[in-house]
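> Quick one: structure below, then a few questions.
The values are calculated or read from the model by the stated rules, or taken from the named source; none is laboratory data. Quantities reported herein were computed from a predicted structural model and do not represent experimental measurements. So basically every Cβ, Gly included, is an ideal-geometry build from the backbone, and we count neighbours across all protein chains shown. What goes into the accessible areas is simple: the full protein's heavy atoms, side chains included, and nothing from ligands, DNA or RNA. Shrake-Rupley method; radii C 1.70, N 1.55, O 1.52, S 1.80 Å.
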Amino acid sequence: MIQTIMKKLGNKSSFVNSDILSVAQFTKEGLENVFATANKMAMIVKHPRISNLLHDKLLSTIFYEPSTRTSASFQAAMHRLGGQVIAINDVNTLSVSKGETLSDTLHAFESYSDVIVMRHYDKQAPFIGAKALRIPLINAGNGTDEHPTQALLDMYTIKQELRSISGLKIGMVGDLKYGRSMHSLAQCAALFGNELYFISPESLRMPEEVLIKLQTLSACYYESTDLLGVLPKLDVLYINRMQKERFADPEAYEEVKHTYIIGADLLRSAKATLCLLHPMPRVTEISTDVDSDPRAAYFRQMRNGMFVRMALFALLFGRT
Ligand code: NCD
């Protein structure tokens with residue numbers, strides 16, 4: 001939607017008909033509005049009554065890269081609010097394979113829907129798409145750049161788990177170079193004055209362009225390779241998988257793939273109140289013996305994704 005591209009999201013009315021493309025649009029007030037609305041959405045799901053809040057709305061989801069939770073939770077969110085969904089999880093079934101442009105494909109879905117959720121391997125795709133569309137576009141991950149709605153659900157989960165989202169020490173460990181969810185989360189966490197600890201192999205450091213954005217936000221951040229050294233002081237530890245498919249050199253992936261593994265033993269040196277998060281999917285970086293630890297919040301985190309995405313739809317359509 002050309003007039004609302006990168007519009008700042010603050011009070012509830014600013015969300016109406018807005019694209020959600022980047023965390024650069026988010027403000028503290030906007031995030032608090034999403035969280036408060038997500039709490040209401042959790043109540044709708046908890047009390048088994050059918051909501052028809054969005055009974056007249058239709059969502060199209062188009063995923064040019066694989067997805068389990070993001071795709072399913074956006075669909076579940078629309079269904080839970082009484083709306084309908086067209087879900088494309090295999091773009092090889094689209095006319096893209098016949099050479100159609102992204103804009104033409106999106107125009108087709110615009111003809112049938114009220115909102116589009118898109119994941120694309122090209123960083124520019126959501127911006128090109130939003131320019132072409134009259135209906136809102138939500139970025140569900142654009143290459144190695146960003147994953148803004150994941151950051152919303154991550155922040156919401158921290159608030160649910162720790163009852164606070166400011167003044168915390170938040171560690172991010174793993175593949176910070178290619179991990180788009182970390183790029184987005186770091187910027188959202190910085191809005192609330194949290195201290196950030198980036199822990200990664202030297203070759204997978206947080207990209208310079210993200211660090212520059214954090215400096216603009218006057219964020220306080222530290223970089224390290226040593227998880228054990230940093231762990232005891234952390235309130236939140238966010239880990240991701242090494243993003244194998246993004247590595248140009250398969251050997252480079254083999255070298256780093258087991259750098260950080262969180263098991264029950266390691267967690268002995270963490271705070272009793274630690275909040276352990278993972279955007280999922282996991283490979284080997286959290287062993288399953290951690291799943292029963294009360295500090296492991298990643299299954300609650302994935303459920304929160306549905307509440308937060310319900311909240312986004314309610315806000316976009318001005319029906320909170
Ligand atoms: C992540 C993604 O696709 O960016 N998953 C997600 O959306 N929950 C993380 C990943 O693929 O490792």
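> Those residues that are open to solvent by 10 Å² or more (accessible area, probe 1.4 Å), part of a helix (DSSP H, G or I) and not polar (S, T, N, Q), I need them from the range 28-65; list them, please.
Those that are open to solvent by 10 Å² or more (accessible area, probe 1.4 Å), part of a helix (DSSP H, G or I) and not polar (S, T, N, Q): LYS28, GLU29, GLU32, ALA36, LYS40, ALA42, MET43, ILE44, VAL45, LYS46.
> Same structure, new question: Restricting attention to the range 148-164, report how many residues are of a type in the set (A, V, I, L, M, F, W, C) and open to solvent by 10 Å² or more (accessible area, probe 1.4 Å).
Summing the residues that are of a type in the set (A, V, I, L, M, F, W, C) and open to solvent by 10 Å² or more (accessible area, probe 1.4 Å) in the range 148-164 gives 1.
> If you don't mind, another one. Based on this model, can you work out whether SER111 counts as modelled with pLDDT of 95 or more, more than 19 Å from the chain's Cα centre (by Cα), of a type in the set (S, T, N, Q) and open to solvent by 10 Å² or more (accessible area, probe 1.4 Å)?
Judged against the criteria, SER111 is a match.
> Give just the number: which of (1) small (Gly, Ala, Ser); (2) in contact with a Phe, Trp or Tyr (Cβ under 9 Å, 6 or more places away or on another chain); (3) farther than 21 Å from GLY141 by Cβ does SER200 not satisfy?
With respect to (1) small (Gly, Ala, Ser); (2) in contact with a Phe, Trp or Tyr (Cβ under 9 Å, 6 or more places away or on another chain); (3) farther than 21 Å from GLY141 by Cβ, SER200 is out only on (3).
> Continuing with the same structure: Tally up the residues in the range 165-181 that are outside any loop (DSSP other than H, G, I, E, B) and either out of contact with any Asp or Glu (no Cβ under 8 Å at 6 or more places or on another chain) or open to solvent by 50 Å² or more (accessible area, probe 1.4 Å) (or both), please.
Looking only at that region, the number is 4.
> A follow-up question, please. Scan the range 305-320 for residues that are open to solvent by less than 10 Å² (accessible area, probe 1.4 Å) and more than 16 Å from the ligand (Cβ to nearest atom) and jot them down.
Passing the criteria: MET310, ALA311, PHE313, ALA314, LEU315, LEU316.
> For the range 46-77, give me each residue that is basic (Lys, Arg), away from the ligand (no atom under 12 Å from the Cβ) and modelled with pLDDT of 95 or more.
First pass over the range 46-77, keeping only residues basic (Lys, Arg): 46, 49, 57, 69.
Then drop every residue that is not away from the ligand (no atom under 12 Å from the Cβ), which leaves 46, 49, 57.
Of everything in the range 46-77, just one residue is basic (Lys, Arg), away from the ligand (no atom under 12 Å from the Cβ) and modelled with pLDDT of 95 or more, namely LYS57.
> Another question, if that's okay. Six or more apart or on different chains, Cβ atoms under 7 Å: show the pairs whose first residue is in the range 276-304 and open to solvent by less than 60 Å² (accessible area, probe 1.4 Å) and of a type outside the set (D, E, K, R) and whose second is within 12 Å of the ligand (Cβ to nearest atom) and assigned to a loop (DSSP other than H, G, I, E, B).
Close Cβ pairs satisfying both conditions: HIS278/ASN240; PRO279/ASN240; ILE286/HIS278; TYR298/HIS278; TYR298/MET280.
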